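S.K.: Have a look at this one before I ask anything.
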Amino acid sequence: MEFEKDYLFHVYNQGNNRQKIFFNRDNYLLFLKKIHNHVSPFADIIAWCLMPNHFHLMISIHKLNIACLELNNETASSLQLSKKYRSLNDSIAIMLRSYTRAVNKAENRSGSLFRMSTKANCLDKIDEVSAAWFISNGITQIDTSPKNYPKICFDYIHQNPVKAGIVTKSIDWEFSSARDYASLRNGKLVDKSKAKELGLLDYQSKGD
């Protein structure tokens, strides 16, 4: 993944061979904690959705590297002592590995849980986010203006559980930020002020 400071990215990955990555509610909560510990130091979390076999994050990058001394204890403990700095790429990789270890131990399983490559699309650059990508992911109303890609992605992330047939309204799915934007929960992970600054808060708060 090639991240750039002050740009907006859609980060996503799924289970290896489309297998489940979340087996119970505690798994979802653990992954959210790891997002807070490993991603939030580098970026504002704009939107998120955890699905049974994949996840989506929409993040606004404010740091590409962080001195290890600035990181929290859990994040710092996973570093090699010789490293002075941690990149966002490194931090995401460590997040997925540490989550995999915890789930493998709890589920008495072994092997990789996620696909090898986590994807990151820059939503501020039209050349990197094609209409074909959105169509293949269930979105057919495409405006080719690059300023609209963040809104399209924002809605797409929250509509994932509806598209999958898990719930009838996005706000019915506990494990996404839709409930936070609908003021049904006071979650601390998303940065609503940044979302407002980006012009994303005309999101349908009723969860239609």
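S.K.: Label-point separation (nm) for Ala102 and Met116, each offset 7 Å from Cα along Cα-to-Cβ?
M.R.: 2.6
S.K.: Per residue, how much accessible surface does region 157-205 expose to a 1.4 Å probe? Answer in Å², no decimals. It would help to have the intermediate numbers written out before the result.
M.R.: On the way: 2620 Å² over 49 residues.
Ligands and nucleic acids excluded, the result is 54 Å² per residue.
The values are calculated or read from the model by the stated rules, or taken from the named source; none is laboratory data. Worth saying up front: this structure is predicted, and the values here are computed from it rather than measured. Heads up, the Cβs are rebuilt from the backbone with ideal geometry, glycines too, and the neighbour counts pull from every protein chain shown. With ligands, DNA and RNA removed, areas are computed over all heavy atoms of the protein, side chains included. Shrake-Rupley method; radii C 1.70, N 1.55, O 1.52, S 1.80 Å.
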